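Some notes on the structure that comes next.
The values are calculated or read from the model by the stated rules, or taken from the named source; none is laboratory data. Remember, predicted model here, so these are calculated numbers, not experimental data. Every residue, glycine among them, receives a Cβ derived from its backbone with ideal geometry; neighbour counts consider all protein chains shown. Calculation scope for accessible area: heavy atoms of the full protein, side chains included, ligands and nucleic acids excluded. Shrake-Rupley method; radii C 1.70, N 1.55, O 1.52, S 1.80 Å.
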Amino acid sequence: MTTSSSQKITIIGAGGFVFPFRLIGDLLSFPALRSSTLCLMDLDPERLSRTADAARSLIAHHGFDTKIVETIDRREALLDADFVIITFQVGGIDSYRDDVEIPRKYGVDQAVGDTVGPGGVFRFLRSVNSYEAIAADALELCPNAQFINYANPMAMATGFLNSKGLKAVGLCHSVQGTTRMLARTLDVPYDDVSFVCAGINHQAWILSFRRGEEDLYPSLRAVMKSRHVRGQGADSLAKDDGDHSEPAEAASNYEGGNEQVRTTIMDAFGFFQTESSHHASEYLPYFRKSPDLTLEYIPQRWDYYEICSSHDEQGDIEEQLKYLKANLATSVEYGASIINSMVTGTPSVVYGNVPNDGLIGNLPESACVEVPCLVDANGVQPTAVGDLPAQLAAVNRTNIGVQDLALRAALTGAREHVYHAVMLDPLTSAVLTLDQIRAMTDELLEAHSGLLPAAFRP
């Protein structure tokens, strides 16, 4: 990996609303990265130019010599890249609509639908052709590049990229967002908190949460139980502290409101998990069996498809640009800190999604797990955390089964594994019969046929 100031950092999917631009702000917040070439690639020239223009405005405002290159050519973007950041969603908002509306017609109500379940499986499968093409080009044009994947479904996508021979780590903000929310809830300064977390993406477990020698879990259990009672509204819940350096999605997901689901999970299994109650309710069979039951746990509906479809993308960029001109500081995202550590050798610790390889002893070797990783000039180095408490590993395995079968379907072209993946989803199997699941999956295969690998097209 280059240690000079001339590294090439490529963002594939740079036209996405606000998030890729916030990553650019993170990169520019590190002095060692300000002389980089940022190569921005997207298939939509108009959206790409929106991000590139905002980046050039930010660079000019701060007087940096960062070079911005915009391209719709994947091979140009990958040529001699040192770092490649993936942020795209294949199919955009139209495909996302099918991910959530078709299952909802059958009674499977996904608040987000991007991790497991029918929405997660099909978001992954319609991205496979793009991942295949990126991997083939990268092994030729930038074989030593560090890939940083922000695309969901995190475990499936990152597992696929690594299976193709790339050096990829998947990043999310759920660990950072949740631990910050818990520190606010307990009125403890975040810098005073230490924690250990491990599991799988969107279902990692906070195994310890401490302030010095003080175990904060007893206080956490008491406070969360008093504030988050089934059927209770959110009027008494912890509020966001107004830290707008966090990306919009991170801030909205971790304000501390409506946490009946995660509190119930903690009471049942002993530990707090890292994804918001809206999201977490999709990954287990207990909370979304019927609309009435869902309302008991989540009185205020939060629908990510509706949020995405109503975004003012230009306004979001302009607001973020104004903020970054006045406050060029690193957000909670790990991507830029990984690149800075690899370029400068300055050590950092991040939570990354990586192949298991014995890191969590009682999860399958084939799993993509989320664990603490040391980063320095030697790259991203995952740390082994040993066995999870048995009940936590068992919960994780219910989701790993879905991820593993979807990945096997993509790698082998075995169409039946698509059905198997959806059949084994905990929420789907709690709501539908096998015949209903097959009919729903057939409808999703038809709806997404133009974007799927050939083996899965009707």
Any hit, the range 243-261, residues being over 29 Å from Tyr323 (Cα atoms), modelled with pLDDT of 95 or more and surrounded by 15 or more Cβ atoms within 10 Å (Cβ to Cβ): yes
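Looking for something open to solvent by 20 Å² or more (accessible area, probe 1.4 Å) and in contact with a His (Cβ under 8 Å, 6 or more places away or on another chain) - is there at least one such residue anywhere in the range 42-58?
First, the residues of the range 42-58 that are open to solvent by 20 Å² or more (accessible area, probe 1.4 Å): 42-47, 49-50, 53, 56-57.
Now narrow it down to the ones that are in contact with a His (Cβ under 8 Å, 6 or more places away or on another chain): none.
Looking for residues that are open to solvent by 20 Å² or more (accessible area, probe 1.4 Å) and in contact with a His (Cβ under 8 Å, 6 or more places away or on another chain), one finds none in the range 42-58, hence no.
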Pairs where the first residue, in the range 290-305, is at positive phi and the second is surrounded by 17 or more Cβ atoms within 10 Å (Cβ to Cβ) and not small (Gly, Ala, Ser), C-beta under 9 Å, 6+ apart: none
Every residue from the range 341-371 that is within 16 Å of the chain's Cα centre (by Cα) and either surrounded by fewer than 19 Cβ atoms within 10 Å (Cβ to Cβ) or of a type in the set (Lys, Arg) (or both): Pro355
Any hit, the range 278-290, residues being closer than 21 Å to Arg221 by Cβ, at pLDDT 95 or above, over 17 Å from the mean Cα position of the chain (by Cα) and open to solvent by 20 Å² or more (accessible area, probe 1.4 Å): yes
Hits in the range 382-402 - residues which are open to solvent by less than 60 Å² (accessible area, probe 1.4 Å) and either touching a Cys at 6+ places or on another chain (Cβ under 8 Å) or free of Cβ contacts under 8 Å to residues at least 40 places away in the same chain (or both): Pro382, Thr383, Gly386, Ala393, Ala394, Gly401
Residue match in the range 169-189 (condition: of a type in the set (Val, Ile, Thr), closer than 21 Å to Val90 by Cα and modelled with pLDDT of 95 or more): yes
The range 189-216: number of residues that are open to solvent by 10 Å² or more (accessible area, probe 1.4 Å) and either in contact with a His (Cβ under 8 Å, 6 or more places away or on another chain) or not basic (Lys, Arg) (or both): 14
The range 51-76 residues that are over 19 Å from Ile317 (Cβ atoms) and modelled with pLDDT of 95 or more, paired with ones that are assigned to a loop (DSSP other than H, G, I, E, B) and open to solvent by less than 80 Å² (accessible area, probe 1.4 Å) (beta carbon under 6 Å, 6 or more apart): Asp65/Ser35
